Amino acid sequence: MSYGNSYPLVTVVTPSYNQADFLEQTMCSVFGQDYPAIEYLVIDGASTDESINVIEKYASSLHWWVSEPDDGQADAINKGLRKAKGEVVAWLNSDDLYLPGAVSSAVEALLANPDLGLVYGDAITIDINGKPINKLVFPQWNLEDLMAFRIICQPAVFMRREVLEKAGFLNETLHFMLDHQLWLRIAALAPIQHIPSMLAAARHHPSAKNVSQAEQFSRETYDVLAWMENQPEMVDIINMNRRRILAGAYRLSARYLLDGELYTEALTTYGRALITQPGYALQHWHRILYALLCLVGVSGLDEWYYQKRMRKNVDLSSDLDLNGWAGLKLDGKTID
């Protein structure tokens, strides 16, 4: 890959609060990138665990870090994004990982098309021990797709800073769908592009927000829907694609409700998605079946559903050389 005479600076922000169990692996996945011009900022929310010791261990490799109380994840991330000097910016949460070559791939795509506002890649999910669970492979989506609540994987997203600044930073009143709303604002200003490469690993564990507070994601899905209906640049798209957009909101909401074990609410919401756009809703047939069986009291389903969602046999041998990569557990051996 050729960058010409210089390497565009890339700023990576890691917000963290009491994530000492994962933070070092996250940081090492940034330090391990093959891209030579990375500004790395760590924003700690006054952690009370061993996080500060981890950060201080690598302080000489950081461009800036702070540990102080904040008003939540969006506030912490915005604090870093506002200090960013990079032409390209991203944030990597303190339990996720970049995979080899992630930053280089993102910069290459952004340089190839100066009109892009952001790029997003594919990802894997990993469990609490770093074992791969599933591949997340995305198509090429646009603003209309995002408005229909097609979700991209946040750690696999890289933004052009000038477009981010025009769009505005993260909405600090949102706590769960804050990233998706930002992608919508960016996509309303500039094209977005999919990179067909594995860029990141998103960790699923009991204390992660998408697991422990799944029903809150459901509520904020409707908040984002209401917000879209008041955006002049989105009104015409909603009017022409109302059923698709509503079905997307219902299906995503139902999935989060199911993750929160709210089976009645999940089935009701899946029903709305079925009425609105049957074919799209039925792509979640196994989740609908699971919710129905749980509701009527069929026992022993929790482990089946967990295996269905979280224990797929993921073969990554053809994607990347991940041997020795921080935070991953491959072939029964923890890589650290």
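May I ask you to say which residue of 56, 50 is under 27 Å from residue 133 (Cβ atoms) and surrounded by fewer than 19 Cβ atoms within 10 Å (Cβ to Cβ)? Steps first, please.
On the way: 56 fails: under 27 Å from residue 133 (Cβ atoms).
After applying the criteria, what remains is 50.
Go over the candidates 219, 255, 203, 251 one by one and state the one that is at pLDDT 95 or above and either in contact with an Asp or Glu (Cβ under 6 Å, 6 or more places away or on another chain) or at negative phi (or both).
Details: 219 fails: at pLDDT 95 or above; 255 fails: at pLDDT 95 or above; 203 fails: at pLDDT 95 or above.
The match here is 251.
From the list 44, 95, exactly one residue is charged (D, E, K, R) and in contact (Cβ under 8 Å) with a residue 40 or more places away in the chain. Which is it?
Working: 44 fails: in contact (Cβ under 8 Å) with a residue 40 or more places away in the chain.
None of the others qualify; the one that does is 95.
Which of (1) crowded, with 19+ Cβ neighbours inside 10 Å; (2) in contact with a Pro (Cβ under 8 Å, 6 or more places away or on another chain); (3) β-branched (Val, Ile, Thr) does residue 128 not meet, given it meets every other one?
Unmet condition: (1).
From the list 256, 290, exactly one residue is among the aromatic types (Phe, Trp, Tyr) and in contact with a Ser or Thr (Cβ under 7 Å, 6 or more places away or on another chain). Which is it? Step through it out loud before you land on a result.
Details: 290 fails: in contact with a Ser or Thr (Cβ under 7 Å, 6 or more places away or on another chain).
Among 256, 290, only 256 is among the aromatic types (Phe, Trp, Tyr) and in contact with a Ser or Thr (Cβ under 7 Å, 6 or more places away or on another chain).
Within segment 12-131, which helices (runs of 4 or more DSSP H) (wholly inside it) include 2 or more residues that are under 19 Å from the mean Cα position of the chain (by Cα)?
Details: elements: 20-31, 51-57, 73-83, 102-112.
It comes to 20-31, 73-83, 102-112.
Looking only at segment 257-268, count how many residues are closer than 11 Å to residue 287 by Cβ and either more than 23 Å from the chain's Cα centre (by Cα) or of a type in the set (Ser, Thr, Tyr) (or both).
Applying the first criterion (closer than 11 Å to residue 287 by Cβ) to segment 257-268 yields 257-259, 263, 266-267.
Add one more test, that the residue is either more than 23 Å from the chain's Cα centre (by Cα) or of a type in the set (Ser, Thr, Tyr) (or both), and what stays is 263, 267.
Number satisfying all stated conditions: 2.
The values are calculated or read from the model by the stated rules, or taken from the named source; none is laboratory data. Predicted, not measured: the structure shown is a model, and the values here were computed from it. Backbone-built Cβ (ideal geometry, glycine too); neighbour counts: all protein chains shown.
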